[in-house]
Amino acid sequence: LTRSEHQIAACIQQRAIFFAELALYDYSFVSKEKPLIAVAAILNAIEGLENGPIQEVRRVAFVSAVENTFDMEFDHQKVEGMRHRLWYIYSMSAQYQEDEISAVDQPQDMMTRKVTEHNFPQSVDHSPIC
């Protein structure tokens, strides 16, 4: 891999870890399968770099590669639901506020992602803590 590819991979890894950590703060993820959360976090990390939604073909190809590599099968609707929920939790975080301020200062910054572009499910599971 080139230096640029290493930097992109490191950025995806860092953002995916952040999204996975967000799942720890939401009770609705307690009963969810951990590999589904991981795939959703990685897809969100990739999408956050692209300044727009991931193309369906690329998303399906990634999930299929993970399924084949680890001999698993994912419910694509569940993955999408988790992705939307993670984006929602992110939109409520302090990090989102920082990213929004950075986006105003640097509009060309591809590292930020506007959560408002996502269509969140109308019925959202709420944590008993909130």
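The values are calculated or read from the model by the stated rules, or taken from the named source; none is laboratory data. Source: prediction; values computed, not measured. For neighbour counting, all protein chains shown are included, and Cβ atoms are generated from backbone atoms with ideal geometry for every residue, glycine included. Accessible surface areas use protein heavy atoms only, side chains included; no ligands, DNA or RNA. Shrake-Rupley method; radii C 1.70, N 1.55, O 1.52, S 1.80 Å.
Just one of the listed residues (HIS126, HIS118) is modelled with pLDDT under 85, out of contact with any strand residue (DSSP E or B) (no Cβ under 6 Å at 6 or more places or on another chain) and open to solvent by less than 40 Å² (accessible area, probe 1.4 Å), and it is HIS118. Against the conditions (1) open to solvent by 100 Å² or more (accessible area, probe 1.4 Å); (2) not in a helix (DSSP H, G or I), where does PHE74 fall short? Just the number, please. It fails just one condition, (1).
Once segment 16-68 is narrowed to residues that are under 25 Å from GLU5 (Cα atoms) and charged (D, E, K, R), the residue that is surrounded by the most Cβ atoms within 10 Å (Cβ to Cβ) is GLU47.
When ALA20 is tested against the conditions (1) over 17 Å from SER91 (Cα atoms); (2) assigned to a helix (DSSP H, G or I), the lone failure is (1).
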